[in-house]
Amino acid sequence: MECIEQANQRAVDTMLAGDPVLVDVIPAVDAIPELAEDKLILHAGPPIEWERMCGPMQGAIAGIAVFEGWAQNLNDAMSQAAAGAFNFQPNHHYNAVGPMTGMTTRSVPVMVALNRSSGNSAYCAINEGLGKVMRFGGNDESVLKRLHWLKDSLAPLMSDALKLSGGINLKNIVARGLTMGDEMHQRNVACSGLLLRELSPYMAAVSTSKELLTGSLKFMGGNDQFFLNVGMAAGKAIMDPARNIEHSTIVTAMSRNGTDFGIRVSGLGDTWFTAPVEMPEGLYFPGYSEDDANPDMGDSTIVETIGLGGFAMGASPAVAGFVGAGAASDAAIFTKDMSEICYSQNPEWTIPAMDYIGVPTGIDIRRVVEIGVTPTINTGIAHKKPGIGQVGAGVVRAPMQCFTDALHAFADQEGVS
Amino acid sequence: MEKSRLDSDAEMLFEQPLDILTIGLDGFADDLSKLEVAVTQLDWRPPADGDPVLADLLSKLGS
């Protein structure tokens, strides 16, 4: 099937040519005009209705409804959601992504990653930090207060600084982060520092308030995962131009809503192939155990889709221990396994400890089904009850059913039986 | 009766140290290891975990 090989080469070439630059932070409604209508709430993962949403997702929706002023309190928000007052849609349908619950509504500030190669943009909210945060279903006063500060204080400052900077080249930051021990999903300490190093002079230049500047630098510098959301926006900006390439078997999105895991395949348009999401295996914060854990969740698997996260574990032996994936010496095995299911490697994103091999790039559903190895994902673990937040970190596999279903659909489309 | 060439080759094979490659059940390699024979187990599974329908599709789709 030469046409498949040509199509896959085109998809991977498009990915490798991707050139994401962080250019702005704007209200989500300015990026996604549809958010002005119908109390639209964008969430992580494939489409899902309120009744099937997990606890953290429902908790986050209640919180974001209060944040937007659509509900007087969390109970009111829950009642309205159950009564159908809100319109739920996936981030992925609007050029956006969001970690864990992935809440995006009209007032949420989103970072803009412009892919200079293809001209498209992708969006992701600002990372809130660890612990009790909305992306893990947190929704109390402290969570909402932080969201308001992000919207009213940090976002405008970042926007002005980014405009003055002319944009921050994200491909370079990722390349350097890989050489400094990041895999860009559960370890972003290097990339967060590199981003801050590039952006902080411009923040200082545009800020008119010493208090705001101090608070902003402290917030960004104190959050090792600040770059996660930036990398996700970059990932979405890289992957979207590789969508809808006829005859291609390359995966263009992997995502989870806490109930279902879904994938999209380039040659199969925007159809989601879903299966029940799996439970991460990992390590828990003191006082918590797997009995408290919610199944896997979030759009953050876009970083694995571009060859980072679990695919780049070999660059990040430290993260192998953090997510309970084994010894540091095991980290390279994950990357080697993922190379088996990918079409190519990325020559610009290399792993020094593995003799500078490129990160595995372009998940081919044929390879996944043939050798029976599914993508490895490094992930945070949310408490299964709404409002509590993160309780650990671990590793989870994409369900094989997504790939076998996609392969059957692809064969039908190609007229192969 | 004269020995066939195959028989002669087989005798020669077992007169020298063996390095054995096994494919399939781990037990093949385990038994040889217990006999202190050098053995390498190839990490191999049938395509699509042995599902004949998926394996057929994969072959037609060029995988």
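Please state which one of B:Ser59, B:Ser4, B:Ser8 is among the small types (Gly, Ala, Ser), open to solvent by 50 Å² or more (accessible area, probe 1.4 Å) and over 30 Å from A:Asp405 (Cβ atoms).
The unique qualifying residue is B:Ser4.
Tell me which of these A:Met15 doesn't satisfy, since it passes every other one: (1) touching a helix residue (DSSP H, G or I) at 6+ places or on another chain (Cβ under 8 Å); (2) closer than 16 Å to A:Asn257 by Cα.
Single failed check for A:Met15: (2).
Report yes if A:Val373 is open to solvent by less than 40 Å² (accessible area, probe 1.4 Å) and within 14 Å of chain B (Cβ to nearest Cβ), otherwise no.
Considered against the rule, which asks whether it is open to solvent by less than 40 Å² (accessible area, probe 1.4 Å) and within 14 Å of chain B (Cβ to nearest Cβ), A:Val373 comes out as yes.
So A:Leu407 fits all but one of (1) among the hydrophobic types (A, V, I, L, M, F, W, C); (2) in contact with a strand residue (DSSP E or B) (Cβ under 6 Å, 6 or more places away or on another chain); (3) within 14 Å of chain B (Cβ to nearest Cβ); what number is the exception?
(2)
Filter the stretch A:256-270 down to the residues that are assigned to a loop (DSSP other than H, G, I, E, B) and among the small types (Gly, Ala, Ser), then identify the one that is surrounded by the fewest Cβ atoms within 10 Å (Cβ to Cβ).
Applying the filter and picking the extreme gives A:Gly269.
Quick check on B:Ser33: is it closer than 30 Å to A:Ala406 by Cβ and surrounded by 12 or more Cβ atoms within 10 Å (Cβ to Cβ)?
No: the conditions fail for B:Ser33.
With (1) in contact with a Gly (Cβ under 9 Å, 6 or more places away or on another chain); (2) among the aromatic types (Phe, Trp, Tyr); (3) assigned by TED's automatic domain parsing to the domain that holds A:Gly392; (4) open to solvent by less than 10 Å² (accessible area, probe 1.4 Å) as the list, and A:Phe273 as the residue in question, which single condition is left unmet?
Here A:Phe273 clears every test but (4).
Among the helices (runs of 4 or more DSSP H) contained in chain B, which hold 1 or more residues that are within 14 Å of chain A (Cβ to nearest Cβ) and of a type outside the set (Lys, Arg)?
Here the list reads B:52-60.
Looking only at the stretch B:1-54, count how many residues are basic (Lys, Arg) and closer than 24 Å to A:Lys336 by Cβ.
Residues that pass the stated criteria total 1.
I'd like to know if the stretch A:140-157 contains one or more residues that are among the hydroxyl-bearing types (Ser, Thr, Tyr), open to solvent by 10 Å² or more (accessible area, probe 1.4 Å) and in contact with a strand residue (DSSP E or B) (Cβ under 7 Å, 6 or more places away or on another chain).
no
Under 17 Å from A:Pro156 (Cβ atoms) and either open to solvent by 20 Å² or more (accessible area, probe 1.4 Å) or assigned to a helix (DSSP H, G or I) (or both), is that true of A:Gly215?
Against the criterion (under 17 Å from A:Pro156 (Cβ atoms) and either open to solvent by 20 Å² or more (accessible area, probe 1.4 Å) or assigned to a helix (DSSP H, G or I) (or both)), A:Gly215 qualifies.
Could you count how many residues in the stretch A:232-245 are open to solvent by less than 10 Å² (accessible area, probe 1.4 Å) and of a type outside the set (A, V, I, L, M)?
2
Can you name the residue in the stretch A:395-404 that is of a type outside the set (S, T, N, Q) and within 11 Å of chain B (Cβ to nearest Cβ) and, of all such residues, is nearest to A:Ser248 (Cα to Cα)?
Checked the stretch A:395-404; the qualifying residue nearest to A:Ser248 (Cα to Cα) is A:Phe403.
State whether the residues of the stretch A:9-19 include one that is in a loop (DSSP other than H, G, I, E, B), without any contact (Cβ under 8 Å) to a residue 12 or more places away in the chain and more than 30 Å from B:Lys60 (Cβ to Cβ).
no
Out of the stretch A:1-54, which residues are of a type in the set (Gly, Ala, Ser) and crowded, with 16+ Cβ neighbours inside 10 Å?
Result: A:Ala7, A:Ala11, A:Gly18, A:Ala28, A:Ala31, A:Ala44, A:Gly45.
Could we say that A:Met57 is closer than 21 Å to A:Asp270 by Cα and assigned to a helix (DSSP H, G or I) here?
Considered against the rule, which asks whether it is closer than 21 Å to A:Asp270 by Cα and assigned to a helix (DSSP H, G or I), A:Met57 comes out as no.
If we scan the stretch A:344-358, do we find a residue that is without any contact (Cβ under 8 Å) to a residue 60 or more places away in the chain, open to solvent by less than 10 Å² (accessible area, probe 1.4 Å) and out of contact with any strand residue (DSSP E or B) (no Cβ under 8 Å at 6 or more places or on another chain)?
Scanning the stretch A:344-358, I find no residue that is without any contact (Cβ under 8 Å) to a residue 60 or more places away in the chain, open to solvent by less than 10 Å² (accessible area, probe 1.4 Å) and out of contact with any strand residue (DSSP E or B) (no Cβ under 8 Å at 6 or more places or on another chain), so the answer is no.
Keeping to the stretch A:297-354, report how many residues are in contact with a Leu (Cβ under 8 Å, 6 or more places away or on another chain) and part of a strand (DSSP E or B).
Going through the stretch A:297-354 one residue at a time, the tally reaches 7.
Check A:Ala318, A:Ala331, A:Ala312, A:Ala293 and return the single one that is in contact (Cβ under 8 Å) with a residue 40 or more places away in the chain, surrounded by 24 or more Cβ atoms within 10 Å (Cβ to Cβ) and among the aliphatic types (A, V, I, L, M).
One residue alone meets the criteria, A:Ala312.
Looking for whichever is part of a strand (DSSP E or B), touching a helix residue (DSSP H, G or I) at 6+ places or on another chain (Cβ under 8 Å) and of a type in the set (Gly, Ala, Ser) here; the options are A:Ala71, A:Ala122. Which one fits?
The match here is A:Ala122.
The values are calculated or read from the model by the stated rules, or taken from the named source; none is laboratory data. These numbers come from a predicted model, not from an experiment. So basically every Cβ, Gly included, is an ideal-geometry build from the backbone, and we count neighbours across all protein chains shown. What goes into the accessible areas is simple: the full protein's heavy atoms, side chains included, and nothing from ligands, DNA or RNA. Shrake-Rupley method; radii C 1.70, N 1.55, O 1.52, S 1.80 Å.
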